[in-house]
Amino acid sequence: MTTDLADPPGDCPQCPRLVELRRDLRQEHPDWFNAPVPSFGDPDARLLIVGLAPGLNGANRTGRPFTGDYAGDLLYATIAKLGLSEGQFQSRPDDGLVLKDCMITNAVRCLPPANKPVGAEINNCRPFLMAQIDALPNLRALLALGRIAHESILRGFGLRLADHKFAHGAAHDLGKDLRLYDSYHCSRYNTNTGRLTEAMFETAMRDARDWALNDPLP
Ligand code: URA
């Protein structure tokens with residue numbers, strides 16, 4: 001499948017497992033978002049942050065990436081610290097937060113069972129990721145949060161995974177003056193286990209931001 005759409009339609013039929021989960025959750029929680037979560041941020045962004053997939057009580061509930069769960073608290077705090085947002089993140093899609101020169105999306109736009117999309121689901125959703133990348137005229141850097149985002153981006157660019165291994169803090173040349181930066185995902189699991197510290201996360205995002213903006217900020 002190819003698409004010009006940077007965001008899937010609300011009733012995207014591509015992945016039977018995810019459609020079924022969405023249908024069940026619409027019954028169980030009719031007040032939740034329960035749909036493919038659109039990207040959020042600045043259409044002129046030079047930095048695109050690519051997460052894994054919406055969390056059950058986060059983006060799937062609220063409709064904005066990383067909004068409503070722990071991973072978002074760390075992500076948005078780091079974005080603010082690096083001068084990439086205006087306003088106060090309050091874990092609600094109507095908190096008035098504005099991203100500056102930065103956009104957030106997910107490799108998979110629908111909630112996957114147990115937070116684990118399967119390969120076919122990642123592949124089905126890649127055209128939306130690539131359409132989002134194509135829709136950003138000023139893009140210079142992508143920050144992949146975790147291996148799944150990293151690999152989906154590489155596949156989308158037709159690059160060999162063996163030539164670009166995922167490693168926290170690594171940078172990869174994607175061609176067309178674009179660079180991919182890697183970070184461990186800012187999940188509660190990764191910070192609780194010490195795999196990712198706040199300082200490690202900030203450094204990875206700072207590197208991506210500095211390359212993207214080409215003029216170090218705070
Ligand atoms: N919320 C998202 O939107 N994406 C993730 O990868 C994790 C939480």
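The values are calculated or read from the model by the stated rules, or taken from the named source; none is laboratory data. Computed from a predicted model, the values in this text were never measured in an experiment. As a convention, Cβ positions derive from the backbone with ideal geometry for all residues, glycine included, and neighbour counts pool all protein chains shown. Areas reflect the complete protein model, heavy atoms only, side chains present, ligands, DNA and RNA absent. Shrake-Rupley method; radii C 1.70, N 1.55, O 1.52, S 1.80 Å.
Specify whether the C-alpha gyration tensor of the range 1-107 places it in the rounded, prolate or oblate class, a ≥ b ≥ c being the square roots of the eigenvalues: rounded for a/c under 1.5, otherwise prolate if a/b is larger than b/c and oblate if not. Oblate, because a/c is 1.5 or more while a/b does not exceed b/c. The shape of the range 70-190 comes out prolate: with a ≥ b ≥ c from the C-alpha gyration tensor, a/c is at least 1.5 and a/b beats b/c. Between Ala59, Ala107, Ala120, the residue with the greatest mean-square fluctuation in the GNM of the chain (Cα pairs under 10 Å linked by springs) is Ala120. Could you pull out every residue, at least 5 positions away or on a different chain, whose amide H is within less than 5 Å of the one on Ser85? Hs are placed 1.01 Å off N in the peptide plane, and Pro or chain starts have none. HN-HN under 5 Å from Ser85: Lys100.
Heavy-atom accessible surface of the range 4-213, averaged per residue, reaches 44 Å², computed with a 1.4 Å probe.
Name the residue, out of His29, His172, His150, whose mean-square fluctuation peaks in a Gaussian network model built on the chain with Cα pairs under 10 Å. Of the options given, His29 has the highest mean-square fluctuation.
Paramagnetic label reach from Asp31 (point 7 Å along Cα→Cβ; backbone nitrogen cut-off under 20 Å): within the range 76-98, residues 90-96.
Extending 7 Å from Cα along the Cβ direction at Asn115 and again at Leu5 yields two label points whose distance is 2.8 nm. Karplus-derived 3J(HN,Hα) values for the range 166-172, using 6.51 cos²θ - 1.76 cosθ + 1.60 with θ = phi - 60°, are 5, 7, 4, x, 6, 10, 10 Hz; glycine and proline are entered as x. Karplus-derived 3J(HN,Hα) values for the range 3-8, using 6.51 cos²θ - 1.76 cosθ + 1.60 with θ = phi - 60°, are 7, 9, 7, 7, 10, x Hz; glycine and proline are entered as x. Compared with the direct C-alpha span, the chain from Asp177 to Glu86 gains 30.0 nm at full extension, assuming 0.36 nm per residue. The calculated Kirkwood hydrodynamic radius for the range 4-213 is 16.9 Å, given to one decimal from all distinct C-alpha pairs. With a Förster radius of 22 Å applied to the C-beta separation of Asp134 and Asp210, the computed FRET efficiency comes to 0.40. If you run the Gaussian network model on the chain, springs between alpha carbon atoms under 10 Å, then out of Tyr181, Tyr189, Tyr76 the most flexible one is Tyr189. For the chain, complete DSSP H runs whose alpha carbons reach 15 Å or more along their own long axis and whose mean Kyte-Doolittle score is 0.0 or higher are 70-81. Close amide-amide hydrogen proximity is noted between Leu174 and Arg179, Leu180, each under 5 Å apart and 5 or more residues distant or on a separate chain (H modeled in the peptide plane; Pro and chain starts excluded). Mind running the shape call on the range 132-218? Use the C-alpha gyration tensor, a ≥ b ≥ c as the square roots of the eigenvalues: rounded below 1.5 for a/c, prolate if a/b tops b/c, oblate otherwise. Here the range 132-218 falls in the oblate category.
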